[in-house]
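Just below is one structure, and these are the notes that go with it.
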Amino acid sequence: MINLQIKSILKNKINLLYIILFIIVFIIINLAINLPEIIYKYYDSKIPEEYKEQARTLYIADGNIELTNEDMENLKKIEHIQDVKIKTLGMQDYELKLTNIVVDDWKNCSKIQNILDNQGILTGREYEDDWIKGYEKINIFMNLVVYMSIIIGTFTILISYINILKNEKENHKLLYILGYSKSKIRYIVCTQILAITIIGFFIGIIIFDIIFQYVIPNILNIELEQDMYKSIIINILVTIIPLFIATGKSTSHIKDFKM
Amino acid sequence: MSKIEIINGYKEYLKKKEKISVLDNINVKFEKEKLYAIMGESGSGKTTLLNIIGTLDTLTQGKLLINDKEIINLKDEEKAKIRMKEIGFVFQNFYLNPNMTVEENIMQPMYINPEYNRISMEEKTEELIKMVGLESRRTHYPKELSGGEEQRVAIARALANNPEIILADEPTGNLDKNNEIKILEILKDLSQKGRCVIIVSHSNKVIEYADKVLNLKEGKLE
């Protein structure tokens, strides 16, 4: 029964267009999920190698603050802080002691600075060039782009599901007349929609993978690593939530069917 | 035992807080081995009556009995089972799935009938295709068929689960005279072989084939 219904929905040329739309949506959603990684790696590639260590080091700007060993140990417990150490600079007539806070990655320095700022500890960066400043600015908009892409992608999928169901309305009503129960029809509806989505998803993921693993790295001369866990969760959510919404009402049109 | 019986049947709709009476005090029995023609002008309630018999709609008041079983209080799943097992539908617009072949359209109702397995489905489909004379068109899609051929597929599909009741709503409405006669002959043959066939139609040709003609006027049977 299901094979026949899936074959029927795939034979409809309009649904092939929806498959193409889903391919595009899944490519865009997965690019959006991994956009922070792409942006970060690109900017990271622009920071000179010799300054990478300094780029992730902060110093306490207020010379009057003296941290005890206990304070330093407490600081190390903060996420992303790798080490806290005292650096002694020998000046002409005196020694200057600086407390350095080593962060795991230069991209997390702003976050740590904000945390320490809230604790009354003002910090400065040992190294900050135009690329780092550029990254800080773009980071604000990047998250907005990511969330908007996912929301728009989800809505696109939802509207597509609703239209697919609209197009299949007459066939579903026919099934009702032939004696298919509403629960069976709902099952068929879910399976038909998932069939279209899964085809679009797999082709979309393959194309995204080619773009992510080969095209972007070659163009930007960087190495990328996909956040698989986040990708899987978000891809499932952008499919399941519209599926629930669309199929929840999928058989409501049937009850009014008459000849 | 009557195949179908309606006792004191009333059907009303609410339209903008106004009650519209569609069927008024319907008392009728439909027997096996008979072909009934329900005639009447547009708006007389013919299709509503057919929808009610087919469990697609419910009476506002009164009883509908199919094989002496009262239908009105049955759950949706039970009504679906009755439609699957007892009733075959034929429509004016054929209502074939355009993305399925002739064979697949005929098989569609069989998938939910637990009495069928794969082999018996194929055997039954073969039998029905031969019955309606479409052996050479079995792998064709509805768009490749003539109107008469499409209606024959629809009749074959209606017979897929061996129902004892056939409900036909203007089955020859979209057909030329030759095809109209062919379809009516098939339906007559079905009634003579034991089924209760009920046809709603404007066409006077149907009267020639009917064992009994019922006239509906403003929701009342004359």
Original post:
Cα-Cα pairs above 18 Å in region B:80-149: how many percent?
Top reply: 41 percent
Original post:
Which of the peptides B:142-150, A:19-27 is most tightly packed, and how do the rest follow, going by the mean number of other Cβ atoms within 10 Å of each residue?
Top reply: A:19-27, B:142-150
Original post:
Accessible area of residue A:191, 1.4 Å probe, to the nearest 10 Å²?
Top reply: 30 Å²
Original post:
Cα-based Rg of region B:1-128 per 2.2 N^0.38 Å, rounded to two decimals?
Top reply: 1.24
Original post:
Leaving out same-chain residues fewer than 8 places away, which lysines sit with a Cα under 16 Å from that of residue A:97?
Top reply: A:85, A:87
Subject >> Heavy-atom SASA rank of B:24, B:176 (probe 1.4 Å, accessible area, largest first) >> reply: B:176, B:24
Original post:
Quick one: which of A:107-114, A:140-147 comes out on top by average Cβ neighbours within 10 Å, and what's the full order, highest first?
Top reply: A:107-114, A:140-147
Original post:
For the protein assembly as shown, how big is the tail of P(r) above 37 Å, as a whole percent of Cα pairs?
Top reply: 51 percent
Original post:
Taking the Cα atoms of region B:113-152 alone, what are Rg (to one decimal) and Dmax (as a whole number) in Å?
Top reply: 11.6, 33
**OP:** Quick one: go through region B:1-35 and flag any residue whose amide nitrogen is under 12 Å from the point 7 Å out along the Cα-to-Cβ line of residue B:70.
**Re:** B:7
**OP:** Evaluate E = 1/(1 + (r/R0)^6) for residue B:58 and residue A:13, where r is the Cβ-Cβ distance and R0 equals 41 Å; express this FRET efficiency to the nearest 0.05.
**Re:** 0.60
Original post:
Normalized C-alpha radius of gyration of region A:85-148, against 2.2 N^0.38 Å?
Top reply: 1.47
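Could you put A:17, A:58 in order of accessible surface area, largest first, with the 1.4 Å probe and the full protein assembly present?
If we order A:17, A:58 from most to least accessible, we get A:17, A:58.
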Original post:
Per residue, how much space in cubic angstrom lies within the convex hull of the C-alpha atoms of region B:65-187?
Top reply: 113 Å³
Original post:
What does the average come to when, for each residue of peptide B:53-63, you count the partner chain Cβ atoms lying within 10 Å of its Cβ?
Top reply: 2
Subject >> region A:1-118: projected area of the alpha-carbon convex hull, averaged over directions, in nm² >> reply: 13.8 nm²
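One-quarter of the Cα convex hull surface for region A:169-252, in nm²?
6.8 nm²
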**OP:** Evaluate peptide A:2-12: per residue, the Cβ atoms of other protein chains within 10 Å of its Cβ; return the mean as an integer.
**Re:** 3
**OP:** Pop the C-beta distance of residue B:118 and residue A:79 into the FRET formula with R0 = 35 Å and round what comes out to the nearest 0.05.
**Re:** 0.05
**OP:** Go through A:149, A:45, B:191 and list them by solvent-accessible area, largest first, probe radius 1.4 Å.
**Re:** A:45, A:149, B:191
Original post:
Over the alpha carbons of region A:52-128, what is the largest minus smallest coordinate on each principal axis, giving the biggest first in Å?
Top reply: 37, 28, 18
**OP:** Could you give me the percent of Cα pairs per 5 Å distance bin for chain A, shortest bin first, beginning at zero and ending with the bin that holds the maximum distance?
**Re:** 1, 5, 10, 12, 11, 10, 9, 8, 7, 6, 6, 5, 4, 3, 2, 1, 1, 0, 0, 0, 0
Original post:
Residues of region A:54-89 with amide nitrogen under 19 Å from the 7 Å Cα-to-Cβ point of residue A:227?
Top reply: A:79-81
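With a 1.4 Å probe on protein heavy atoms only, work out how much accessible surface A and B bury together, total over both chains, in Å² to the nearest 100.
2500 Å²
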**OP:** Report, in whole Å, the centroid distance computed from the Cα atoms of region B:149-222 and region B:34-97.
**Re:** 14 Å
**OP:** Summarise the partner chain shielding of B:73-86 as one whole number: the mean count of Cβ atoms from other chains within 10 Å of each residue's Cβ.
**Re:** 3
Original post:
Pairs of lysine in region A:132-259 with Cα under 18 Å and at least 8 positions apart or on different chains: total?
Top reply: 20
**OP:** Place a +1 charge on the Cβ of each Lys and Arg in chain B and a -1 charge on the Cβ of each Asp and Glu, then give the dipole magnitude about the Cα centre in debye, rounded to the nearest 20.
**Re:** 460 debye
**OP:** Inverting the mean 1/r over all pairs of different Cα atoms, compute the Kirkwood radius of region B:4-221 and quote it in Å.
**Re:** 17.9 Å
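The values are calculated or read from the model by the stated rules, or taken from the named source; none is laboratory data. Quick caveat, the model's predicted, so the values are computed rather than measured. Because the Cβ atoms are built from the backbone with ideal geometry, glycine has one as well, and the counts that use them run over all protein chains shown. Ligands, DNA and RNA are excluded from the accessible area calculation, which covers all protein heavy atoms including side chains. Shrake-Rupley method; radii C 1.70, N 1.55, O 1.52, S 1.80 Å.
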